[in-house]
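Taking it in order: structure first as structure tokens, then the write-up.
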Amino acid sequence: MVVFEPKIVMFCCNWCSYAGADLVGVGRLQYPTNTRVIRVMCSSRIQPTFILQALKDGADGVLVTGCHIGDCHYIDGNVYTEERMKNVVDAMKLLGLEGRVHLEWVSASEGPKFRETVTEFVEQIRALGLSPLRAE
Amino acid sequence: MAELVGAVAVAGGGIAGIQSALDLADSGLKVYLIESSPAIGGVMAQLDKTFPTLDCSMCTLSPKLAEASRHQNIELLAYSEIKEISGEAGNFEITVTRKATYVDPVKCTACELCLAKCPVKVLDEYNAGMSKRKAIYLPFPQAVSRVMTIDAEHCIYLTKGKCGNCKKVCENDAIDYEMKDRDEVINVGSVILSTGFAPFDPTELEQFHYEHLDVVTALEFERLLSSSGPYVGHVKMANGETPKKIAWLQCIGSRNPEIGRPNCSAVCCMYATKEAMVAMEHDSELETTIFNIDLRAFGKGFEQFYQRAKNETGIRFIRSRPSGVDIDPVTNRLSVRYEVEGSTETAGEEFDMVILSIGLTPSESSKKLAEIAGIEMDEYGNITTAIDAPMTTSVPGIFACGTIVAPKDIPDTVADASGAASKAHSILASARGTLVIERTYVPEKDITDEEPRIGVVVCDCGINIASVVDVPAVVEYVKTLPYVVHAYEQTYACSTDSLDNIKDVIKEHNLNRVVVASCTPRTHEPLFQDTCRDAGLNPYLFELANIREHCSWVHQQEPKLATEKAKDITRMSVARVALLDLLYTQKLDFNHGGLVIGGGVAGMTAALDIAEKGFTTYLVEREPELGGLFRTFTRLQDGRTTTEILDPMIAAVNSNPNLTVYTGTTLDEVEGAMGRFKGKLSNGEEIEFGSAIIATGANEFEPEGYFGYGADNVITQSALEVKLDEGTVDAASVVMIQCAGGRNDERPYCSRVYCTTAMKNVIRLKEEDPERNIYVLYRDIRTYGVWEELYTRAREFGVIFMRYTEDDEPVVADGTVTITDKLLNDTKFEIATDLVVLSAPLVAPEGAEDTAMLFKVPVDSNKFFLEAHIKLRPVDFATDGVFLAGSAQAPKLVDESISQASAAASRACSILAKEQLETSGVISVVDADVCIGCGRCVEVCPYGAPELKEVEIVTEEISYMTRKSEIDPAICKGCGSCAAECPTSAITARHFTTKQISAVIDAFAFTDGSIEEVA
């Protein structure tokens, strides 16, 4: 039997969410294997085309993460991330890909939140099923 | 005099010690950072969030930990204590005891195999004893150095000669039970003491029943709140249930002369408010109550934070100091016993948990250290310093900073730490750079015309990776990937012999790019990059694939899927490394001069501190005289006259050969950036400088319209001081009104200095005439820290204190003041008075915004300058090379202004002391041919690195003027936001180029479809 397993691209910023992901590891908290992390220095590096490309390449979902507003290592880079991702999330609705792109802030000490974020997003994508861009 | 030694010993590796060490090391001095515990970080590493912004404490701290541990000029002596200090300023000999860790730091890779096998469980200090750790341990997950330590007191082998498990499982032979404590002698020119405080132990205050499991200290509660704490951030009671009602009791071990602790601890009001706020964020149903005497929200943004907590978050603040906690003998429930404000009634209220807001107390180890150093302490064990030399101890060449001097919060501690660094730097300026070792590498090999030849090392990390991921399968898979010419498995990729092996492999296979699939780049990338450099490879041609933290550790039950994921992660890294570019840092010549704007105490201190280190310095003051706000006051809290401080300072400024003073002059134009600023003065002169400090101060507000101000017998505190000096206070009854024009809608902040100033002045009034009746009408008395002593003395003098509230203010009429006293059950009093003294707030001076515009730095809503980070960068602006000091940042007392001014000078000099400015390799660059000059990059850059420049385009047909963006490599921090924003892709974010990231996304995609076939 072929079971659908979501394929998810996850963007993490170096200072907060990537460190949060590391902390989950150190704490040996377990989460689903569906995500593949791409590290950038700041979430503000993530241009909307990366998300489109990931979806086109076959990702069933894209999870963007960064520092909480106010915690940004580059002062306010994440404010622009928030703006850009809001636009992307809106565009997804128009493209019939609603719910496949999500932005979440995860700090360097929020291991459990990182796990919850990934787990919930995997379940959300599982419920949505195969990306229409991937379906045969 | 003995030869100057260009090294400094910093004792204490908390945030203070780390900051001092980083400043000095950046300035070209060698630093020995000595920490008694196995890891640096101090108490800040234990905090969950920090007030008043609720920033994550570890997020802001951990980059500093990493920086300190990696700095070329810092030698970290962890698990070490100072045993002896001899010598004199400029040349000290220090004996340091290096305690045995029983683990060879060179061999240990912190793989944690030993942790699993160690049978001993010990209370974990990091979690304030609320969880267990092993006898062999890393103090906390982000700890540096990442080396295990054996707790000799609890290790079974070391105490009973049995077990030996850790040695058996260690595959690197790192365990050495024979290790002994050993003494090491270091030679330094100066010493900085920053060993911090100990949390007050509330056991002796039996009435609060600390032994009850639901009565915890605030530090313990901090761990309960933390998601890396014992219950991963879920606050629980001893019975496992979630508390519904929590009380904080303030001043536990503070403001309590009965137990010999009369001082205020300065931080507890704010941390309690923060903890209550965070706890309510976790659980919106939670009821929180803070029992306090005065709510001391005196720092920048604190009052606004307190108002938000009270009015928006719904934290209940009760003004009362509880006399104790009662325990119901049947239900074991807690009840807080307290006197209701304004009455003599006693009330009791039940709570699920009681948090004791414990004070900061000098630690025994700090006292011992002060004794070893032979420096003076006060009766409480704080190190003695003076108001005008707040970091200087009684022994020349030895400085102190942070809470070892007096209780203070993180930003004041950090400022103090940079200030102490400045003092040490000043005496060692001529020895700068003498003990710094430049590391040399083999020449880099030319790979420009080569196709990628990638080598991949897949690490087992003992069993950390290999027990979950099928490492040989990953190796075989990796060999099939494009450009991979060599791949192999390694038990510990980071062990010394493995690193040597990587160098050999690079040469043998003529590799030009390397991937190590092991652990997180956040800890291990610099190590492997260094290895690449040693083998003649550009360090940027390296990539870490994190198959441990992000794979084997988090998918322990799914070896098959984890192996597939490890293959994917490594494939994505291989795709990335193939496209990575050679990157180089750039070295630029620059101007080594400093400019200070504002000639008050802060500005003069900063200018002197820079000039003393040998740099050309300009001091610009717009008034005809130096001295600033300080001139308007006549006495200090310690009884000295202000001229006693001011006169020698002005003389020093005027006589320093490196310093040029411009009075009656303003700075009108500024262009350029760090290292090459150009300024134009109002006298027409042009000056050049590399770094600038803004110290434009604050003014006393003219309280027009408040409490009858304007009448002859209604004056401000500064006017009172003048009268006191003249001996012209002709009043038998004096009323002082605090917060006159402050803490209101127009000026919502607390001015910090006026409670202390008022106490100083009522004491003077009483000393002048003990028969005088004095009334202080206040909202909160905020004589924080050691100045609580003045408040106590004022009460002993018989000064009458009456509390009013914002919505029921006193009324001043001719010869009387009417007040409704909250302390006496809202009783209305009419006080006949000869003199009303208003404590009016400090306000930003006219023109602050213009100065801000010159340097493109921000001001806050009250027009005080806004620092880069409220906790850890108190004197920095986000703009490189520009710093701030004194009341320009927010109102502060003179000693605080001085410490901040020295701090700003230290920060500026850590730049000026460099021979050349080195840019990062990871920065963004603009392709001028593609740039359309839209300026979006200028908008999004937090640092002002891109700038639109007019350029002339000349083609065969037409030539025209247009605008093109140019990014200053000396300013860019490499976040890449501009590259994401650029509509024409004219900007390349180096090391994170669109091409590189796209290749990684594409590499994510080409799986063999196996994911869908897992049943």
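The values are calculated or read from the model by the stated rules, or taken from the named source; none is laboratory data. As the structure is a computational prediction, the values presented were derived from the model and not from experiment. Don't worry about glycine lacking a Cβ; one is built from the backbone with ideal geometry, like all the others, and counts go over all protein chains shown. To get the accessible areas, we keep the full protein, side chains included, count just its heavy atoms, and leave off ligands, DNA and RNA. Shrake-Rupley method; radii C 1.70, N 1.55, O 1.52, S 1.80 Å.
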Fill in the blank from the handout: Of the conditions (1) open to solvent by 10 Å² or more (accessible area, probe 1.4 Å); (2) within 25 Å of residue B:754 (Cα to Cα); (3) assigned by TED's automatic domain parsing to the domain that holds residue B:243; (4) hydrophobic (A, V, I, L, M, F, W, C), the single one that residue B:340 does not satisfy is (2)
Exercise for the section: For segment A:66-74, state whether one or more residues are buried (at least 19 other Cβ atoms within 10 Å of the Cβ), under 15 Å from residue A:122 (Cα atoms) and within 9 Å of chain B (Cβ to nearest Cβ). Expected result: no
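Residues checked against (1) assigned to a strand (DSSP E or B); (2) touching a strand residue (DSSP E or B) at 6+ places or on another chain (Cβ under 8 Å); (3) buried (at least 22 other Cβ atoms within 10 Å of the Cβ); (4) within 14 Å of chain A (Cβ to nearest Cβ):
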| site | (1), (2), (3), (4) |
| --- | --- |
| B:25 | no, yes, yes, no |
| B:31 | yes, yes, yes, no |
| B:52 | no, no, yes, yes |
| B:61 | no, no, yes, yes |
| B:66 | no, no, no, yes |
| B:75 | yes, yes, no, no |
| B:82 | yes, yes, yes, no |
Exercise for the section: Output the residue which, of all residues in segment B:208-227 that are within 14 Å of chain A (Cβ to nearest Cβ) and part of a loop (DSSP other than H, G, I, E, B), is nearest to residue B:248 (Cα to Cα). Expected result: B:226
Exercise for the section: Answer with yes or no whether residue B:331 is under 30 Å from residue B:85 (Cβ atoms) and not acidic (Asp, Glu). Expected result: no
Exercise for the section: Can you tell me which residue within segment B:937-977, out of those that are in a strand (DSSP E or B) and of a type in the set (Gly, Ala, Ser), is surrounded by the most Cβ atoms within 10 Å (Cβ to Cβ)? Expected result: B:965
Practice task
Test residue A:97 against the stated conditions and say whether it is of a type in the set (A, V, I, L, M) and more than 10 Å from chain B (Cβ to nearest Cβ).
Solution key: yes
Problem - Verdict on residue B:210 being farther than 17 Å from residue B:46 by Cα and either out of contact with any Phe, Trp or Tyr (no Cβ under 9 Å at 6 or more places or on another chain) or surrounded by fewer than 22 Cβ atoms within 10 Å (Cβ to Cβ) (or both) - result: yes
Completion exercise
Those residues of segment B:540-589 which are among the polar types (S, T, N, Q), farther than 20 Å from residue A:19 by Cβ and within 9 Å of chain A (Cβ to nearest Cβ) amount to B:556, B:557
Practice task
Considering every residue within segment B:541-548, establish whether at least one is modelled with pLDDT under 95 and either assigned to a loop (DSSP other than H, G, I, E, B) or outside the structural domain of residue B:492 (by TED's automatic domain parsing) (or both).
Solution key: no
Practice task
Among the numbered conditions (1) assigned to a strand (DSSP E or B); (2) surrounded by fewer than 24 Cβ atoms within 10 Å (Cβ to Cβ); (3) at the interface with another protein chain (Cβ under 10 Å from one of its Cβ atoms), tell me where residue A:58 comes up short.
Solution key: (1)
Completion exercise
Among strands (runs of 3 or more DSSP E) entirely inside segment B:759-837, those with 2 or more residues being open to solvent by less than 30 Å² (accessible area, probe 1.4 Å) are B:773-778, B:800-803, B:816-821
Problem - Residue pairs meeting the criteria (Cβ under 6 Å; at least 6 apart or on separate chains; first surrounded by 13 or more Cβ atoms within 10 Å (Cβ to Cβ), in segment B:839-851; second of a type in the set (Asp, Glu) and outside any loop (DSSP other than H, G, I, E, B)) - result: B:840/B:700
Practice task
Quick one: count up the residues across segment B:502-524 that are open to solvent by 30 Å² or more (accessible area, probe 1.4 Å) and more than 10 Å from every other protein chain (Cβ to nearest Cβ).
Solution key: 6
Practice task
Take residue B:715 and decide whether it is part of a strand (DSSP E or B) and under 30 Å from residue B:307 (Cβ atoms).
Solution key: yes
Handout entry: residue B:666 vs. criteria open to solvent by 30 Å² or more (accessible area, probe 1.4 Å) and at pLDDT below 95
Key = no
Completion exercise
Residue count, segment B:534-557, condition touching a residue at least 60 places away in the same chain (Cβ under 8 Å), open to solvent by 20 Å² or more (accessible area, probe 1.4 Å) and either on the phi > 0 side of the Ramachandran plot or out of contact with any Asp or Glu (no Cβ under 8 Å at 6 or more places or on another chain) (or both), comes to 2
Fill in the blank from the handout: Taking segment B:303-318 and keeping residues closer than 21 Å to residue B:742 by Cα and among the charged types (D, E, K, R) leaves B:303, B:308, B:310, B:312
Problem - residue B:389 being surrounded by fewer than 24 Cβ atoms within 10 Å (Cβ to Cβ) and under 19 Å from residue B:894 (Cβ atoms) - result: yes
Practice task
Could you tell me which residue of segment A:19-52 is surrounded by the fewest Cβ atoms within 10 Å (Cβ to Cβ), considering only residues that are more than 7 Å from chain B (Cβ to nearest Cβ) and in a helix (DSSP H, G or I)?
Solution key: A:48
Problem - Residue within segment B:292-304 that is touching a His at 6+ places or on another chain (Cβ under 9 Å), open to solvent by 10 Å² or more (accessible area, probe 1.4 Å), in a helix (DSSP H, G or I) and of a type outside the set (Phe, Trp, Tyr) present - result: no
